[in-house]
Amino acid sequence: MPGHPAATESPQGHLITRLPSGVTVVSEPMASALSVALGVWVRTGARHERDSEAGRAHLLEHMLFRGTKHFGSQEIDERFDALGGDLNAATSRDETAVVARVLADELDGAFPMLGEMVSAPLLRDEDLALERRIVLEEISMIDDDPEELVFELLPQAVFGTHPLGRPVIGTPEVVGGTDGDTMRAFHAGRYRPDRIVVAAAGAVDHERLVALAETAVPLGGGGVPEDTTDPGVAPPTAPRVVFRARATEQVQVTVAGRGPGMGDDRRFALRVLDTILGGTPSSRLFRAVREDRGLAYAVSTFDDQHRGGGMAGVYLGTRADNLAEALQIVAVELDRIRRDLVDDDELHRAKQNARARLLLGLESTQSRMHVLGRAVLHGLDLRTPEQVAASIDAVTAEDVRDLARELYDPAGLSAAGVGPDEDAFRAALAPVASHLPTA
């Protein structure tokens, strides 16, 4: 449309426009789609908070649903229900995203609400009082769920006092003490145009999306920018154990080391390593711990990638009397994956599985929009699914072993646990990471 900034096309076919305001608009047409997945991505997450602000990005995300200048809270819900669409939001350590999925011909009705939720929420004191109570309940709920709690504790063990080590949800003290003026200033200073990406995938016309982004509501308007310098890569810290005593039947265990971050090419080897070690029912840990010995119902590997670094590790939940034996088996399997090359058959199966999971996931408009939004927001390379699949195919047995040696070096592993006996937990960790203190 005349008057709009010209779109540039990436080598992969994505269309990108940077508006005069500083907002970036990116889209990926999908010929077979009937719907559009839409997201407004803001580079404001837990890592951008000071210690005294811990949890405000997440609290603000809640407040976005409490109404805007032109749309009441109930009206937003009712309109999206009438459209048959989905509306949701999430805060992570790296960003906040408000996302929706609607049929293509409903985009003109959905976008003004979504854009205004981000750029012009009301942030009324009475609504904030309610959302503070809701988030405090959410904090209590996590504290009462041992499996969820152990993953809240683990980043503190791996990243220490760096902002990546803080829970995204924040602390009761900060959440409970945040008033309306503080919340409004936080929004005005953080939701800035140069920190915002509008991303869409599916049956989307890029020029129409640009027009909506320009005219619905000027995103990122008006406030005084705050100092939100990214804290960068978390410096190396001494491995540690974080434990929370709970009178539970099971002990929840996570063991992890530093891993690849966003955009790191080793993430393709990590997909294959995860598949071999604990990502599927035929993986080594699942067979050795659960299927062959019955020591746990849940055992798996995981990874978490952030700007400038991440973590990767092993999770299991088991009864206290099985803990030492289960962790001994974990130690054996970690040593084996570090020491020996995987054989050709296992490597081939793992690459097939990793590639298939990736491509199946990217059939959805939502998945493609999420990949697109995060990549543009954080300045990562845009790749087609086929290019990513080729990168997985290129992973070698040596790549897997070298990455395992780095990730699962006992000298670099940290651990978090929830259960009834901290001394027993620390003692059981010895085969996996003997350097960790036992008392």
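The values are calculated or read from the model by the stated rules, or taken from the named source; none is laboratory data. Predicted model, so just to flag it, every value in this text is computed and none were measured. Neighbour counts run over all protein chains shown; Cβ positions are idealised from the backbone, glycine included.
At a glance:
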| read-out | value |
| --- | --- |
| ALA110 crowded, with 17+ Cβ neighbours inside 10 Å and touching a Gly at 6+ places or on another chain (Cβ under 9 Å) | yes |
| Hey, ALA296 at pLDDT 95 or above, among the aliphatic types (A, V, I, L, M), in a loop (DSSP other than H, G, I, E, B) and surrounded by 20 or more Cβ atoms within 10 Å (Cβ to Cβ) or not | yes |
| Qualifying residue in the stretch 276-294 (condition: among the β-branched types (Val, Ile, Thr) and in contact with a Gly (Cβ under 8 Å, 6 or more places away or on another chain)) | no |
| Matching option when the condition is closer than 30 Å to ALA375 by Cα and modelled with pLDDT under 95, among GLY278, GLY310 | GLY310 |
| Test: residue in the stretch 139-158 that is part of a helix (DSSP H, G or I), hydrophobic (A, V, I, L, M, F, W, C), at pLDDT 95 or above and farther than 30 Å from GLY257 by Cβ | no |
| Condition broken by ALA375, with the remaining ones in (1) of a type in the set (Gly, Ala, Ser); (2) buried (at least 17 other Cβ atoms within 10 Å of the Cβ); (3) assigned to a loop (DSSP other than H, G, I, E, B) satisfied | (3) |
| Which numbered condition ARG56 misses (of (1) within 21 Å of ALA375 (Cβ to Cβ); (2) among the basic types (Lys, Arg); (3) buried (at least 23 other Cβ atoms within 10 Å of the Cβ)) | (1) |
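The rows are residues; the columns are (1) out of contact with any Gly (no Cβ under 9 Å at 6 or more places or on another chain); (2) in a loop (DSSP other than H, G, I, E, B); (3) modelled with pLDDT of 95 or more.
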{"site": "GLN328", "(1), (2), (3)": "yes, no, yes"}
{"site": "ALA331", "(1), (2), (3)": "yes, no, yes"}
{"site": "ILE337", "(1), (2), (3)": "yes, no, yes"}
{"site": "ARG355", "(1), (2), (3)": "yes, no, no"}
{"site": "LEU359", "(1), (2), (3)": "yes, no, no"}
{"site": "ARG383", "(1), (2), (3)": "yes, yes, no"}
{"site": "VAL388", "(1), (2), (3)": "yes, no, no"}
{"site": "ILE392", "(1), (2), (3)": "yes, no, yes"}
{"site": "PHE425", "(1), (2), (3)": "no, no, yes"}
